[in-house]
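J.: Sharing a structure here in C-alpha cells format.
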Amino acid sequence: MERRGVERWLGLLLLLGIYLSLRGYRSLEGDQAYRLPLLIHRQDPSVFETDPFVRSFDAFNPHRGSIALLDLLSRPFGISVALFAVFVATFLGTSRAVARMGSAASAECRPGVGWVAVGLFLVARAGNIGTNHLFEPIVLDRLVALAMGWQAIADAIERPSVDRWKSSIWIAMAAVVHPAVGLQLAMTLAASWIAWGILSREEGPGIRGAMVVAASLGAAVVPGLAINLWQRSSLQGDLPDGLFWMLSVELQSPQHMLPHLWRMPQWLAWFSYLILAVLSFDRRAGHKSIDARTRLVIVMVVIGGGLLVAWYAIEVVHGLRATVFQPFRMSTVARGLALVLVAGRLVRLWDEGRLGRIRASALAVGFLGDWLLVVVTLAELAVSAAAAIGGRKVLPAVVYAGMIGLAIHFLGHHDTEYGHRLLIVALVVGGLAGMRWDRVQAMMDPSRGARRWRVALAMAWAVPLAAMVAGMIPLDHPSARLEIVRGLIERCRFAAVPRDDFERMALWCRQNTPPSARFIGPPGPKTFRLWSQRSLAFNRAGSPYHGAGLADWFARFQDHVGLRGSPEAFIRAYREHRHEVEARYEAMGDEARAGLAARQGADYLIAGAPRNDRPSKNGSIELLHVEGRYAVYRVRSEAIVHRQL
C-alpha cells in the first residue's frame, strides 16, 4: 500500500477511536430493537412464531437485504460482533468518501480539507429536518445505504470520466440494503448526470453519455427493489387511502414524513447549511469544464428541486405514495454536501489570522445546535457583507464583534441547548490558537512523528478498548456492579450486556419462560422483544408497514391503552397527550390487565412492581419476578379461560 494510503487509513482509525470515545457506541436498542427480531426469526423460525409484529413482515418486508447481510455475518460471529463490523465499515466508508469529496471540491485541492469535512460531518447535529442525522453511533440500514451512496457521489464528483460505472455498483448495493434510500440516490445521481451532460462542454460527458449513465443507475436499483419489495399483496392492501394515511403517516411516524411538524429552528438551521455553502463556493474564473465543486453544487441543486416538489406533493396535494416514500431523507444528503464546501471555507478562514480563526471556530461548533448555527450564519453573512463593502480589517472585525455579542445574548435567553456556552468556548479557542493550518497538518503527518501518532491512537482507543473488556465480565461477577464498569458499558456497548432494569427483566424472561410465551407490556419501551426473544402482542414503536398489519396494530393499540373511538380522535389525543395516553396501561388494575392479556392472546404481562414485592391478592395474575421498577406476572389460566368465555 502506498504511503499516502497508509496515512489515510491511520487517520480514519484515529478518528474512529475519537468518535467512539466522545459519542460512544449504541447497539441492541433504538431501531435495532424492533428490526433485529426479524433477523433472529430468520435464523430460528420457532422464535417469535406468534409475534404479530414479526410475522407481519412475512407479507411485506423492505428489510430483507439488510437482514440477509447481518445474517451472513452473524451466523459465524454472533449478532454483536456482526453489528460492530458493519458499524466500522459504515464509519470508514462514509469518512473516506467525505474526505475524498472535501479534497476534490476545495479550491486548492488540499487533502487537509477532506479531514475537516469528515470532522464536521461527524459532529453536525443541526438542521435535521426529516429527523435523520448525518451519522449516528449505531448500525441502521439507512446509514449503511447512505455510506454506499456517499461513495457513489464521491466517485461521480471526483473522477466522473473514470469512475462513472462504480457509482452504479454502489447504488445497486445501497438499494439492496435500503430500497427507498437506494432509489432516491439513484434518482438524484441520474438527474445530476443529465444536468452535467447538458452544461458540460468539450471535456464533459455529453448528453448522450450522461443518458447512458442515468440508465445504468436506473437498472442498478432493480435487484434491490426485487429482493426487498417482493410481496404477496400491495402495500396498502384493502385499507382506504384516508385510513392508511392516518395510520402510516400521522400515527406511525409523522416526525419523518410531515414537514409542517418540524420546528422552525430546524428549518432555519437547514437553510443555514445552504447559505454557508453559497458563501464557500468560489468558482475559478476561466475554467471551461465542469469541475468537482460545480458538480457537487449541481447535485445540491437537484436535491433542492426534488425537495421542493416533495414538499408540494406532501403538504399541498397530500400525495400518499410521495409521503410514504419519505423524500426528505435527501435533505440529509444536501446537508452533507454543504459541509464539504464549508470545510474549505473553514481552512481558508483559519489561515487568514486571528479573526479568521475565531470565525472558523465559531462555525465549527455552530453545527452542534439549531439556533447556534442560525446565529453563527447570520454573523458570517454580516462580516462577509462588510468585507465586500471594502473593509479589510477594522470594519469586518467590528461588525463580527457586534453580531457575536447579539448572538450570545439571544442564545442565552432562547436556546434550550445552552449554545451560548459552546460559542464562548469556541471564540476563546479561536482567539488563542496561533498555528496556521499547514502547521497543524504537518503535526498530523504520521511519517514525521510516528511516536506521537502511536500515543494519539492509544489515547483515542483507551475508552473503547476498556469498554470491550468491561463487556466481557460475567453479569454475576462482583466487578460487573462497579460504577466504572457500568459507565464504560453505558458509553460503548459492544456485547449483549443489559444496561437498565427493563433489559435485565427481559433477559430474565428469556431464561425463565418457555419459548412459546407471549407477553403484553407498557407500550413505550422498545427493547423487550429483542432482549427477551419472546413474542410481544403490542409495542407502539414496533409497527408494520402494510395495510393489514397496520390495521391490526392500531386495533391492539386502542385496546392496549383502553381508548376507543375513531382513528381521528385517537390520533388527536395521542399527539396532544402522548405520555398520558401511554400511561393508561400502567393505570389499569390487575383484572383489566388480565382481560387485555386474554384478548391479545398473552399468558404473561409486564407492569410496575408491587410496593411490597408480594403476590397480588387478586387471583387473576401471579407475581414471578421483580426487577427495579418493573415486574413479570403470569396470567392465571383460569382467568384467561374466564375472559375467553
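Only the coordinates and a few stated rules stand behind these numbers; no lab work does. Computed from a predicted model, the values in this text were never measured in an experiment. Note: ideal-geometry Cβ built from the backbone for every residue, glycine included; neighbour counts use all protein chains shown.
J.: Restricting the count to DSSP beta bridges whose residues both fall in the chain, what percent are antiparallel, rounded to a multiple of 5?
T.: Within the chain, antiparallel bridges account for around 70 percent of the total.
J.: Sticking with this one: Taking 0.36 nm per residue of sequence separation and subtracting the Cα-Cα distance, how much length would be gained by fully extending the chain between Arg611 and Val81, in nm to one decimal?
T.: 186.8 nm
J.: If you add up the charges near Ala480, with Lys and Arg at +1 and Asp and Glu at -1, over every other residue whose beta carbon is less than 12 angstrom from its beta carbon, what do you get?
T.: Working: positive: Arg481, Arg486, Arg499, Arg504; negative: Asp476, Glu483.
Computed value for this residue: +2.
J.: Could you run the Karplus curve 6.51 cos²θ - 1.76 cosθ + 1.60 with θ = phi - 60° over the range 453-464 and give me ³J(HN,Hα) per residue in whole Hz, x for Gly and Pro?
T.: Ordered by residue, 3J(HN,Hα) equals 5, 5, 5, 5, 5, 5, 5, 5, 9, 4, 5, x Hz.
J.: Further question on the same structure: Using R₀ = 41 Å, calculate the FRET efficiency as 1/(1 + (r/R₀)^6) where r is the Cβ-Cβ separation of Ala592 and Ala480; round to 0.05. Before the final figure, lay out the partial values.
T.: Numbers: r = 38 Å, r/R0 = 0.92.
My answer for the efficiency is 0.60.
J.: I'd like the trypsin sites (Lys or Arg not before Pro) in the range 165-267 restricted to DSSP loop residues with at most 10 other Cβ atoms within 10 Å, sorted by number.
T.: Arg201, Arg232, Arg263
J.: Something else: Quick check for me: using +1 on Lys/Arg Cβ and -1 on Asp/Glu Cβ, what's the dipole size of the chain about its Cα centre, in debye to the nearest 20?
T.: Details: 71 positive and 51 negative charges, 326 e Å.
It comes to approximately 1560 debye.
J.: Right, next: Taking neighbour Cβ counts within 10 Å as the exposure measure, how do Val428, Val212, Val632, Val118 sort from fewest upward?
T.: Working: Val428 12, Val212 16, Val632 24, Val118 28.
Fewest-to-most ranking of Val428, Val212, Val632, Val118: Val428, Val212, Val632, Val118.
J.: Across the range 167-180, in residue order, what do the Karplus-derived ³J(HN,Hα) couplings come to in whole Hz, using 6.51 cos²θ - 1.76 cosθ + 1.60 with θ = phi - 60° and x for Gly and Pro?
T.: In residue order, the calculated couplings are 4, 5, 5, 4, 5, 4, 5, 4, 5, 5, 6, 8, x, 5 Hz.
J.: Here is a further query. Give the long-range amide H neighbours of Ala607: residues separated by 5 or more places, or on another chain, with amide H under 5 Å away, using H modelled in the peptide plane at 1.01 Å from N.
T.: Ala631, Tyr633
J.: Calculate the dipole size of the range 352-435 relative to its Cα centre from +1 charges on Lys and Arg beta carbons and -1 charges on Asp and Glu beta carbons; express the result in debye to the nearest 20.
T.: Around 400 debye, computed over the range 352-435.
J.: What are the residues whose amide H is under 5 Å from the amide H of Gly369, where those residues sit 5 or more places off or on another chain and H is modelled from the backbone?
T.: Arg125, Ala126
J.: Quick one: angle between helix 330-350 and the longest Cα principal axis of the chain, in degrees between 0 and 90, rounded to 10, please.
T.: 40
J.: Still on this model: Just the projected area, averaged over all directions, of the convex hull on the alpha carbon atoms of the range 61-346: how many nm²?
T.: 15.9
J.: Net charge around Ile303, counting only other residues with Cβ within less than 15 Å of its Cβ (Lys, Arg = +1; Asp, Glu = -1)?
T.: +3
J.: Here's something else I'd like to know. For the range 477-492, take each phi angle, set θ = phi - 60°, evaluate the Karplus expression 6.51 cos²θ - 1.76 cosθ + 1.60, and give the result in whole Hz per residue in order, putting x for glycine and proline.
T.: Couplings: 7, x, 5, 5, 8, 5, 4, 5, 5, 5, x, 5, 5, 5, 6, 9 Hz.
J.: Loop by DSSP (not H, G, I, E, B), at most 13 other beta-carbon atoms within 10 Å: where is the longest site-free stretch of the chain for GluC sites (Glu not before Pro)?
T.: Maximal segment without exposed cleavage sites: 353-645.
J.: With the calculation restricted to Cα positions, what are the radius of gyration and Dmax of the range 352-435 in angstrom?
T.: 12.2, 37
J.: Same structure, new question: Set the Förster distance to 41 Å, then compute FRET efficiency between Ala462 and Asp238 from the Cβ-Cβ distance, nearest 0.05.
T.: On the way: r = 57 Å, r/R0 = 1.39.
Efficiency computed from Cβ-Cβ geometry: 0.10.
J.: Going by amide H atoms built from the backbone, whose H comes under 5 Å of the H on Ile621, apart from near neighbours?
T.: Here the answer is Arg636, since their amide H atoms fall under 5 Å of that of Ile621.
J.: Exposure proxy check: Phe538, Phe77 ranked by fewest other beta carbons within 10 Å?
T.: Working: Phe538 24, Phe77 12.
Ascending Cβ contact count within 10 Å gives the list Phe77, Phe538.
J.: Let me ask another. Using label points projected 7 Å from each Cα along Cα→Cβ, tell me how many nm separate Ile198 and Thr50, to one decimal.
T.: 6.0
J.: Now for a different question. Using R₀ = 25 Å, calculate the FRET efficiency as 1/(1 + (r/R₀)^6) where r is the Cβ-Cβ separation of Val162 and Val212; round to 0.05.
T.: Here the calculated transfer efficiency is 0.95.
J.: Rounded to the nearest 500, what is the 222 nm mean residue ellipticity of the chain from helices alone, with -39500 (n - 2.57) per DSSP H run of 4+ residues and division by all residues?
T.: About -20500 deg cm²/dmol.
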